[in-house]
Amino acid sequence: MMAQRFIPLWITASLLLVMFLIGSAQFEGFASIRVVTNLFRDNAFLLITALGMTLVIISGGIDLSVGSVIALSGVLTSVLITEYHWHPLQAFALVLPLGTLFGAMMGTIIHVYKLQPFIVTLAGMFLARGMATTISEESIAIDHPFYDAIADLSIALPGSGSLDISSLIFILFFIIIATVMHYSRFGTNVYALGGNAQSAELMGVSIAKTTISIYALSSFLATLAGIVFTFYTFSGYALGAVGVELDAIAAVVIGGTLLTGGRGFVLGTVLGVFLMGVIQTYITFDGTLSSWWTKIVIGLLLFFFIVLQKLLNGRKPSHG
Amino acid sequence: MKSSAEMISPEALPMAQSSQQAMNKEKTDRYQAGKSASFGRYLWPLLALTLLLLVNLFIDSSFFHLTYQDDRLYGSLIDILNRSAPVALLAIGMSLVIATGGIDLSVGAVMAIVGAVCANLLLIPDISLVTVILAGLIVGLAAGSINGALVSFLGIQPIVATLLLMVAGRGVAQLINQGQIITFQHEGFAAIGVGQFLGLPMPIWIVVGMLLLSQLLLRKTALGLFIEAVGCNAKASRYLGINDKSIKIFAYAIAGLCAALAGMISTADIQGSDANNIGLWLELDAILAVVIGGAALTGGRFSLVLSIIGALIIQTLATTIIVSGLPAKFNLLIKAIVILSVLLLQSEKFRRQLSGLFKLGIFNNAKAGDKK
């Protein structure tokens, strides 16, 4: 039982290692700390988003709004900084609670009106994207000393690699979320809700509080990812981060989380993002392979993991 | 069946008869209930569409004006019908998939694949139009069948099963196009998108044709009923002898076929295949059209006509925003608000709260009247 629970995690980790070794054997400079830290740097916003998505999916739901929330958060932040001349920290202090509130509202609608998360968050996706385009349709460049300072701030590692502030934010939240999921009552409630909402309720889990918290947390992390994305691009763009929700869902599935809810690990999702990132890096290093292969390979990986999960679950009739 | 008939002993017969009567009564009750509900079902979406059209008339008095020129009708209404064609086609297929309790996220990607296949075939000199169209339809059917097989035989959740093709499909389309935008010169194929027949644009006829065909197939045979049965309760319908797996594959295959038609219209429209952008996010519009049409995402009853009305509402809304002179950037925001309202109105609890509020208002007014 214990071992079986970890099988998808082991497979993702092994695949990641194998891909990395193949890349290292083929290309000079692939096996460097720089490549690894670049994986962190390039995927920090996706990693942060995927943390929230993991929670939502473990609880048996789905959140399609995250990509739009990233865009909205980026646009709002950059407008506050460039047009209203707020200090970035002030802007973050406003944007983060607003994003959290957005998620809490979706959670409330899902819970109170018994609507499907898929369609409610789809509406949320349109709403957030609509608000973002209403605020500004153009990409807004951020030019602020604070951003320059952040760009310079990083922990240097040997091999010309460095962990920048975005990677550090991700690592911090990864530790927090993983701890919450495995060592707090809220984490247990999330697993219980995804396993069987009815039993969870009978056991005394407050479905309302848990559902609303989950979607609030997911939107909070997406908002944070939007801010991290502005560190990466130095701008906010209403039409940016399209399809991030799909990447996040793919990472969660590849990371071994059951889409029916109840089972999965935050660590698996992180490995899933890295696996997709390594494939992307491999294709970049190769140079002759075109970018569309990324999509096809990720599609095949998804298929592989879904079938694997089916096989693993097939052995246990209680979960069929 | 035979053994169960033998099992009823003579003494039990009166009881069986009375229960039979009760069942008949229940059946007629349900039939009546269904009848009255079906009227309401059509009322709200139609009312919404009419309201939107009236808003347009209010903004622009020549909105309903149609002109006949060069053997073709021109006017805003024709434009709405024409532009809603791809989403309307997708909505036909999506209705069936949603009715089985599933969802198909891949239709946009399937449109891209079909567009790429057709555009590349058209580059072959002297290829017959029929071959190209048939190839496109077969690709669509195949893609849909893959989705269906994943859902029914592997038992994968529909969202995930179709997410596979949604992610990989665009990659496949780009692979076929080798990352280029393939353009072609072919009058026959272009006619699918920009041609006309009896004064109306071709896409409208394609939607009408597909609607009539599906309606005949679904409602003149038991197929439609089977689909609804599978959507209500797959297990129960299996015990009834319905092959729920085949029914699901059929629904996804039709969705693939509809996506192929929509893909061909979009490709013919711009006379080129742009694998990145054709049908992008149209799956969401199609799902929305079905939901606005009043279908529940949990499966069960469906109505193709209502889904098409849903597609028309979406397109009319977009047109209204343009006609009203509001910047196009409000399009998404207004769309989101409309979706949220429709969703909330579908929730029984919200309706109760709303009517509670309404009654409270009347009650208070009455009280105030008494005091006077």
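Considering only residues that are aliphatic (A, V, I, L, M), closer than 19 Å to residue A:88 by Cα and in contact (Cβ under 8 Å) with a residue 24 or more places away in the chain, which ones fall in segment A:133-181? Break it down into steps so the answer makes sense when it comes.
We begin by selecting, within segment A:133-181, every residue aliphatic (A, V, I, L, M); these are A:135, A:140-142, A:149-151, A:153, A:155-157, A:163, A:165, A:168-169, A:171-172, A:175-178, A:180-181.
Next, from what is left, pick out any that are closer than 19 Å to residue A:88 by Cα: A:135, A:140-142, A:149-151, A:153, A:165, A:168-169.
If the condition is that a residue be aliphatic (A, V, I, L, M), closer than 19 Å to residue A:88 by Cα and in contact (Cβ under 8 Å) with a residue 24 or more places away in the chain, then A:135, A:140, A:141, A:142, A:150, A:151, A:165, A:169 are the ones that fit.
Conditions (1) at pLDDT below 90; (2) more than 10 Å from chain B (Cβ to nearest Cβ), marked per residue:
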site	(1), (2)
A:229	no, yes
A:243	yes, no
A:258	yes, no
A:272	no, yes
A:279	yes, yes
A:289	yes, yes
A:294	yes, no
A:312	yes, yes
Hey, among A:265, A:234, which residue is in contact (Cβ under 8 Å) with a residue 24 or more places away in the chain and touching a strand residue (DSSP E or B) at 6+ places or on another chain (Cβ under 8 Å)?
A:234
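Taking the condition surrounded by fewer than 15 Cβ atoms within 10 Å (Cβ to Cβ) and either within 14 Å of chain B (Cβ to nearest Cβ) or over 27 Å from residue A:32 (Cβ atoms) (or both), does residue A:143 pass?
Numbers: surrounded by fewer than 15 Cβ atoms within 10 Å (Cβ to Cβ): yes; either within 14 Å of chain B (Cβ to nearest Cβ) or over 27 Å from residue A:32 (Cβ atoms) (or both): yes.
Yes; evaluated as a whole, the condition is true for this residue.
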Considering only segment A:118-140, how many residues are within 7 Å of another protein chain (Cβ to nearest Cβ), over 22 Å from the mean Cα position of the chain (by Cα) and in a helix (DSSP H, G or I)?
2
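Yes or no: segment B:305-326 includes at least one residue that is part of a helix (DSSP H, G or I), farther than 19 Å from residue B:81 by Cβ and without any contact (Cβ under 8 Å) to a residue 60 or more places away in the chain. Walk me through how you get there before you give the answer.
The first filter runs over segment B:305-326 and keeps only residues part of a helix (DSSP H, G or I), leaving B:305-323.
Pick out the ones that are also farther than 19 Å from residue B:81 by Cβ and you get none.
No; the residues of segment B:305-326 include none that is part of a helix (DSSP H, G or I), farther than 19 Å from residue B:81 by Cβ and without any contact (Cβ under 8 Å) to a residue 60 or more places away in the chain.
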Considering only segment A:65-75, I want to know if a residue exists there that is within 11 Å of chain B (Cβ to nearest Cβ) and in a loop (DSSP other than H, G, I, E, B).
yes
Every residue in segment B:292-305 that is under 9 Å from the mean Cα position of the chain (by Cα), of a type in the set (A, V, I, L, M) and buried (at least 24 other Cβ atoms within 10 Å of the Cβ), please.
B:304
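Does segment A:91-114 hold any residues that are within 14 Å of another protein chain (Cβ to nearest Cβ) and crowded, with 22+ Cβ neighbours inside 10 Å, and which are they?
Taking segment A:91-114 and keeping what is within 14 Å of another protein chain (Cβ to nearest Cβ), we get A:102, A:105-106, A:108-114.
Of everything in segment A:91-114, those that are within 14 Å of another protein chain (Cβ to nearest Cβ) and crowded, with 22+ Cβ neighbours inside 10 Å turn out to be A:102, A:106, A:109, A:110.
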Just to check your reading of the model, which residue among B:147, B:120 is assigned to a helix (DSSP H, G or I), in contact (Cβ under 8 Å) with a residue 40 or more places away in the chain and closer than 30 Å to residue B:234 by Cβ?
B:147
Go through B:163, B:175 for me and flag whichever is within 14 Å of another protein chain (Cβ to nearest Cβ) and crowded, with 20+ Cβ neighbours inside 10 Å.
B:163
From (1) surrounded by fewer than 13 Cβ atoms within 10 Å (Cβ to Cβ); (2) in a loop (DSSP other than H, G, I, E, B); (3) away from every other protein chain (no Cβ under 13 Å), pick out the condition that doesn't hold for residue A:205.
(1)
Identify, from the list A:47, A:21, A:17, the residue that is in a helix (DSSP H, G or I) and either closer than 23 Å to residue A:221 by Cα or of a type in the set (Gly, Ala, Ser) (or both).
A:47
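Could you list all residues from segment A:208-218 that are surrounded by fewer than 18 Cβ atoms within 10 Å (Cβ to Cβ) and of a type in the set (A, V, I, L, M, F, W, C)?
If we filter segment A:208-218 for residues that are surrounded by fewer than 18 Cβ atoms within 10 Å (Cβ to Cβ), which is where we start, we get A:208-209.
Across segment A:208-218, the qualifying residue is only A:208.
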Mind checking which pairs have a first residue in segment B:155-180 that is assigned to a loop (DSSP other than H, G, I, E, B) and a second that is charged (D, E, K, R), Cβ under 7 Å, 6 or more apart or different chains?
B:155/A:310; B:156/A:310
What's the total number of residues in segment B:126-137 that are surrounded by fewer than 18 Cβ atoms within 10 Å (Cβ to Cβ) and under 14 Å from residue B:116 (Cβ atoms)?
1
Can you tell me which residue within segment A:65-87, out of those that are hydrophobic (A, V, I, L, M, F, W, C) and within 24 Å of residue A:171 (Cα to Cα), is surrounded by the most Cβ atoms within 10 Å (Cβ to Cβ)?
A:69
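Please find, among B:204, B:278, B:247, B:265, the residue that is touching a helix residue (DSSP H, G or I) at 6+ places or on another chain (Cβ under 6 Å) and farther than 21 Å from residue B:304 by Cα. Don't jump to the end; show me each part of the working.
Values: B:204 fails: farther than 21 Å from residue B:304 by Cα; B:247 fails: farther than 21 Å from residue B:304 by Cα; B:265 fails: farther than 21 Å from residue B:304 by Cα.
Of B:204, B:278, B:247, B:265, the one residue that is touching a helix residue (DSSP H, G or I) at 6+ places or on another chain (Cβ under 6 Å) and farther than 21 Å from residue B:304 by Cα is B:278.
The values are calculated or read from the model by the stated rules, or taken from the named source; none is laboratory data. The structure displayed is predicted, hence computed values, not measured ones. Note that each Cβ is placed from the backbone with ideal geometry, even for glycine, and that neighbours are counted across all protein chains shown.
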